[in-house]
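In what follows, a structure is listed as C-alpha cells, so that the remarks can point back to it.
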Amino acid sequence: SQQGEEDPQALSIQEGENATMNCSYKTSINNLQWYRQNSGRGLVHLILIRSNEREKHSGRLRVTLDTSKKSSSLLITASRAADTASYFCATDASGGSNYKLTFGKGTLLTVNP
Amino acid sequence: GAGVSQSPSNKVTEKGKDVELRCDPISGHTALYWYRQSLGQGLEFLIYFQGNSAPDKSGLPSDRFSAERTGGSVSTLTIQRTQQEDSAVYLCASSLALGLAGGRQYFGPGTRLTVT
C-alpha cells in the first residue's frame, strides 16, 4: 500500500456527529499533515503534527500520531455540512527527501444536514 | 496577502499538443513544488525547486514533462506531445524554505488539464 493511506475511503455522517479518519504510513517521518480538498481543487492545510508529538488540537480538529504503529487519526467534532470534503494525510520522510510530501488517496467525508 | 496562483484554471487540449502551466508562488517563498492528482487519486509529487534550481526531477513521469523557474519566482510546467493519461489536476505549492522545517506547503487552486 502507499505511504499515507487513509481509511475509510468514504464516510457519510449526520451533521453534529463526529468524524474520524485514519492514516497509515510506512517509513519514518519528520511530520504528518492533514489537508482538506473541496471539489477536487486546491488543498487547504488543516494541521501539522511533528513526529515527537502525540496529539494536537485546532478548533474542532484533533489529530493523534502513533509513530510505533505508523498511524494517525483526524477527528472532526460536531461536524457541519460545510465540512464535506476530501481529507488527505501527507507525510514527509525523515532524511534527505523531506521536501517531498507523500499523500494518500484520501477520505471523502459527506456530512448530511 | 496573495496566495499561490495558477493559470490557466482549466485547459482542454488535443492529444499531441504541448501545454504550459504556470504557477505564481507566495512572494518570498523560496521553495516551490509541483504535484499531479489524477481522478480519484492522491497527489503525486512531480518536482521541486529551491530558488531556480531543481535538484530532484525523479518525480516527472516521462521526458515529455519539464519545468523551469526563473527569478526564484514564477514556475512553468511544460508537457510536450500530451497524451490522454496526462489528464489530471496539476497543483503547485510553495513554502518559505525547503522541507517542512521552514513551514507548511501552501497550495494553489490547481490547473485542470483535459487531453482529448
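The values are calculated or read from the model by the stated rules, or taken from the named source; none is laboratory data. Note that the coordinates shown come from a computational prediction; the quantities given were computed from them, not determined experimentally. No Cβ is skipped: glycine too gets one built from the backbone with ideal geometry, and neighbour counts run over all protein chains shown. SASA here: full protein model, heavy atoms, side chains in, ligands and nucleic acids out. Shrake-Rupley method; radii C 1.70, N 1.55, O 1.52, S 1.80 Å.
Observations on the structure shown:
- Each residue in region A:12-43 was checked for being assigned to a strand (DSSP E or B) and either among the small types (G, A, S) or open to solvent by less than 20 Å² (accessible area, probe 1.4 Å) (or both), and 14 pass.
- Here is the figure for region A:44-53: residues that are within 17 Å of A:C23 (Cα to Cα) and not in a loop (DSSP other than H, G, I, E, B) total 6.
- Flag for A:K69 being at pLDDT below 90, among the basic types (K, R) and either closer than 19 Å to B:A31 by Cα or in a loop (DSSP other than H, G, I, E, B) (or both): no
- Number of positions in region B:26-37 that are facing chain A (nearest Cβ under 10 Å) and out of contact with any Lys or Arg (no Cβ under 9 Å at 6 or more places or on another chain): 3
- Taken as a whole, the structure places A:L61 among residues that are surrounded by 14 or more Cβ atoms within 10 Å (Cβ to Cβ) and either touching a His at 6+ places or on another chain (Cβ under 8 Å) or over 23 Å from B:D56 (Cβ atoms) (or both).
- For first residues located in region B:78-94 and within 14 Å of another protein chain (Cβ to nearest Cβ) and within 15 Å of B:Q41 (Cβ to Cβ), partners that are open to solvent by less than 10 Å² (accessible area, probe 1.4 Å) and in a loop (DSSP other than H, G, I, E, B) and lie 6+ apart or on another chain with Cβ distances below 7 Å form the pairs B:V89/B:G110; B:Y90/B:G110; B:L91/B:G108; B:L91/B:G110.
- Across region B:65-79, a minimum of one residue is classified as open to solvent by less than 20 Å² (accessible area, probe 1.4 Å) and in contact with a Cys (Cβ under 8 Å, 6 or more places away or on another chain).
- Residue satisfying all of: in region B:1-56; more than 12 Å from B:L77 (Cα to Cα) and of a type in the set (D, E, K, R); least open to solvent (accessible area, probe 1.4 Å) among these: B:D56
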